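Everything below concerns the one structure shown next.
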Amino acid sequence: MLNRNQAWEILCEFTKSDGLRKHALAVEACVTAYARKLGEDEPKWSVTALLHDFDWEIHPTLEEHPQKGEAILAERGVDEETRRAILSHASHTGVPRVSALEKTLFACDELAGFITAISYVKPNRSVFEVDVQSVKKKMKDKAFARSVNRQDIIDGAQEIGAPLEEHIDFCVKAMQAKAEELGLKGNLDSQASASHLS
C-alpha cells in the first residue's frame with residue numbers, strides 16, 4: 001500500500017493549485033479524525049483522502065473525474081479499496097458507498113471545502129472563528145460558496161449515521177487541529193478571542 005508521503009507526491013505531481021492541495025489536506029484532517037474515532041486504518045484513510053481529487057486539474061469534468069484518475073492510480077499501485085472509495089465519493093460514477101471509508105470520504109469532502117470557504121470570510125480568516133451555527137447559517141445562503149453542494153453535506157452526515165450538527169462540529173475541530181497546515185490559522189489574536197468565546 002502507498003504511504004502518506006507517496007500519496008502526497010502523486011497529489012503534487014498532478015495538482016499544482018495550492019487551493020486544491022489545501023482542500024486535500026482539509027478532507028484528510030476530517031477523514032483521519034474519523035478513522036481514529038472509529039478505530040479504522042488511519043494510514044489508508046489518510047491516503048484515500050489525499051488522493052480523492054488528485055486528477056481534478058487534468059480531468060475537470062464529471063465525464064472524466066474521478067474515473068480517469070482511478071486508472072492512473074491503478075497504474076501507480078494504489079489498492080482497490082482506496083480506488084473504489086475515490087470513485088464512490090462522486091455520486092455520478094454510480095459506484096455505491098458501502099464501506100465506512102467510502103461513506104466518510106463522501107461525508108467530509110464538501111463539508112471540508114465549505115468550512116474552508118467560511119474561514120476565508122471571517123474577520124481574521126481563521127478556522128477558529130467557525131462553529132456549527134456559522135456553518136448552518138451559511139448553508140442557507142445560496143449565494144455563498146455556490147459550488148458547494150449543500151445536499152451532499154446533509155446526505156453525508158446521514159450516510160455515516162451522525163446528526164448534522166455533530167458531524168459539522170467534528171470536522172470543524174479536526175480542521176482546527178490542523179489549522180497551521182491548512183493555512184487557516186488566521187492571526188494569533190483571533191485564536192485568543194475565539195478560545196475566550198468558546
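Laboratory data are not the source of any read-out in this text; all were calculated from the coordinates shown. Note that the structure is a prediction, hence the values are computed from the model and not measured. No Cβ is skipped: glycine too gets one built from the backbone with ideal geometry, and neighbour counts run over all protein chains shown.
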Scope the stretch 16-60; condition touching a Lys or Arg at 6+ places or on another chain (Cβ under 7 Å) and more than 18 Å from I115 (Cβ to Cβ); matching residues: E42, P43, S46, V47, D55, E57, H59
The listed residue being of a type in the set (A, V, I, L, M), in contact (Cβ under 8 Å) with a residue 60 or more places away in the chain and crowded, with 21+ Cβ neighbours inside 10 Å, out of L38, L50, L73: L73
Number of positions in the stretch 134-156 that are of a type in the set (V, I, T) and free of Cβ contacts under 8 Å to residues at least 12 places away in the same chain: 1
Boolean, I10 is farther than 30 Å from K185 by Cα and surrounded by 14 or more Cβ atoms within 10 Å (Cβ to Cβ): no
Cβ pairs under 6 Å, 6+ apart, first in the stretch 108-133 and charged (D, E, K, R), second surrounded by fewer than 17 Cβ atoms within 10 Å (Cβ to Cβ): E110/N149
Residue list for the stretch 119-143, restricted to those being β-branched (V, I, T) and buried (at least 23 other Cβ atoms within 10 Å of the Cβ): V127, V130
Conditions (1) touching a Ser or Thr at 6+ places or on another chain (Cβ under 9 Å); (2) assigned to a helix (DSSP H, G or I); (3) in contact (Cβ under 8 Å) with a residue 24 or more places away in the chain; number of the one not met by W8: (1)
Residue satisfying all of: in the stretch 145-185; in a helix (DSSP H, G or I) and β-branched (V, I, T); surrounded by the fewest Cβ atoms within 10 Å (Cβ to Cβ) among these: I154
